[in-house]
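Each remark here refers to the structure printed beneath this line.
The values are calculated or read from the model by the stated rules, or taken from the named source; none is laboratory data. Predicted, not measured: the structure shown is a model, and the values here were computed from it. Every residue, glycine as well, gets a Cβ built from its backbone with ideal geometry; the counts of neighbours run over all protein chains shown. The accessibility values were calculated without ligands, DNA or RNA, using every heavy atom of the protein model including side chains. Shrake-Rupley method; radii C 1.70, N 1.55, O 1.52, S 1.80 Å.
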Amino acid sequence: MTENYGENNLIGYTESFLNEVFSNWPDSIKALETCEEVQNFAEDLHIVSRCIDSLAMKACSDPELLNWPQTGRNQDEQNEVLNEVSLESSKRQNVGDNWWYYDVSYLSLPLYKRLILAIESNGMKSETVAASLIYYLRRFLPLMNRQSSFKDTSHATIPTTTEADQRGLLEEIVELLPNKRGVTSSKHLLRLLRTAMILHASPSCKENLEKRVGAQLDQASLVDLLIPNMGYSVETLYDIDCIQRILDHFMSIYQPASVAASPCITEVGALISGVDTLTPMTMVASLVDGYLAEVASDTNLNLSKFQALAVAVPDYARPLDDGIYHAIDVYLKAHTWLRDSEREQLCRLMNCQKLSLEASSHAAQNERLPLRVIVQVLFFEQLRLRTSISGWFFVSENLENSQNSSGNLGLPKTCQPDSAERTENVRERLLELEKECSGIRKELQKLNKTKKSWSIFPKKFGFRRKTEYSNSKESDNVNTSSSTNENQNHESS
């Protein structure tokens, strides 16, 4: 079998055959799949390692430049693979980078792990590696396909036999995911987290996924955050505690240390942190407000959990408080049994000064809000009108001064009618604003009258204070004694 006994011996034939096999992708895949049956012998002969090195080199190269066939499977199946790869991954990678996903997904987990590590060490982009890992999971975990937003009819899954096998596969793949922000989309991470909860994965696996989601929470969507509660004692419909942990991890990364230490310099800290920090914070604030509005209709949602989730986002991250006001309104509508003190405590989560005109008009007529909150909304609206009126006065004075100065400078008289018309328009606008302001004053007076009527209400039904009753009794005694004295004097006369 060696060259000592003759030319073209068996070892030479075998080596030339293996070189021919390793020169193309389909034969290398088939050879590696065959090695699973006789893996011990293939390992001793170094066939497995040579197959993996060959496949890793070909996956990291451009198949069009080297004229390699893109897959060893049917071309129709290859087209289905390219259509089923998630949009999040295809946006971050070039067309054609995912041609090898389908073939390597037929490998067993030990061989697939070795191949992925070899591909990653050869310089493959992290986004492509993460997309291949997600695709591999989708073939073996049916739960991943049920939660997907794309079509699953043409994607054949190969479910493992037991739930323990699926749980082990999930934990192994999560460890292989590149630990870098934005490499794996938030949609896929949240889908993995939901699957891990259903399969009762290890706490370390779920904590790993929660931290990954928290690091890029600003890229998540509201639909993916609505994770059902998988606990043994189901209190709420959605897992509020999980979202709270994810949000806390995001805030630990993006909230400046100076802001967390001193709430008095929140705005200064936000400006120092820069636009790159403020933009994710603003996006997360909007996301949290939308999430609160979705879960607020759950009657089992505790007030303390609602408040903890709302106050986790700093005030400077919300340019407007319309979102948190909508969430508060939904919560009040679903929890009609709240006491007045709890309603006021809930309404402290929003800033009445940061409500838009539409939200302010809605809040002023909202019967579910406490009276003091309605008065605050009307007060700030009146203050806003006063500011705008003073601004219009300032503009009109400038127009009059410019008109006088133009007349003194000897400008043509044709310019004067235009300035007069502008001044007249400003006056008309001022009249309209004054009417609106007077309307708000009337509303405030009505509210004050209703409040006074509440204090008069007990008197109408005969309920008087003890001091009033004693004073009236003394006055009655005085009147009675005086009347008896008058009668005695009249009889004696």
Cβ-Cβ under 6 Å, sequence separation 6+ or interchain: first residue in region 346-374 and surrounded by fewer than 16 Cβ atoms within 10 Å (Cβ to Cβ) and assigned to a helix (DSSP H, G or I), partner at pLDDT 90 or above and not charged (D, E, K, R). Which pairs?
none
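Anything in region 328-337 that is outside any helix (DSSP H, G or I) and open to solvent by 20 Å² or more (accessible area, probe 1.4 Å)? List them, or say none.
Selection gives 336, 337.
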Would you mind finding the one in 167, 146 that is under 23 Å from residue 219 (Cα atoms), modelled with pLDDT under 95 and open to solvent by 10 Å² or more (accessible area, probe 1.4 Å)?
146
Tally of residues being open to solvent by 50 Å² or more (accessible area, probe 1.4 Å) and over 12 Å from the mean Cα position of the chain (by Cα) across region 199-227
6
Which residue pairs have Cβ atoms closer than 6 Å, lie 6 or more positions apart in sequence or on different chains, and pair a first residue in region 166-184 that is closer than 19 Å to residue 250 by Cβ with a second residue that is open to solvent by 30 Å² or more (accessible area, probe 1.4 Å)?
180/126; 183/126; 183/127
Looking for whichever is crowded, with 20+ Cβ neighbours inside 10 Å and of a type in the set (Ser, Thr, Tyr) here; the options are 106, 135. Which one fits?
135
Hits in region 303-322 - residues which are over 20 Å from residue 336 (Cα atoms), assigned to a helix (DSSP H, G or I) and among the basic types (Lys, Arg):
none
Keeping to region 228-242, report how many residues are part of a helix (DSSP H, G or I) and either open to solvent by less than 40 Å² (accessible area, probe 1.4 Å) or within 18 Å of residue 163 (Cα to Cα) (or both).
2
Going through region 27-39 one residue at a time, which ones are at pLDDT below 85 and assigned to a helix (DSSP H, G or I)?
39
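Give region 170-190 a look and list any residue that's part of a helix (DSSP H, G or I) and closer than 14 Å to residue 219 by Cβ, or say none.
Initial filter on region 170-190 (part of a helix (DSSP H, G or I)): 170-176, 186-190.
Those that are part of a helix (DSSP H, G or I) and closer than 14 Å to residue 219 by Cβ: 186, 187, 188, 189, 190.
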So which pairs qualify, if the first residue must be in region 14-42 and closer than 12 Å to residue 111 by Cβ and without any contact (Cβ under 8 Å) to a residue 24 or more places away in the chain, the second must be of a type in the set (Asp, Glu) and surrounded by 16 or more Cβ atoms within 10 Å (Cβ to Cβ), the Cβ gap must be under 6 Å, and the two must be at least 6 apart or on different chains?
none
Restricting attention to region 318-327, does a residue exist that is free of Cβ contacts under 8 Å to residues at least 12 places away in the same chain and either more than 21 Å from residue 252 (Cβ to Cβ) or surrounded by 19 or more Cβ atoms within 10 Å (Cβ to Cβ) (or both)?
no
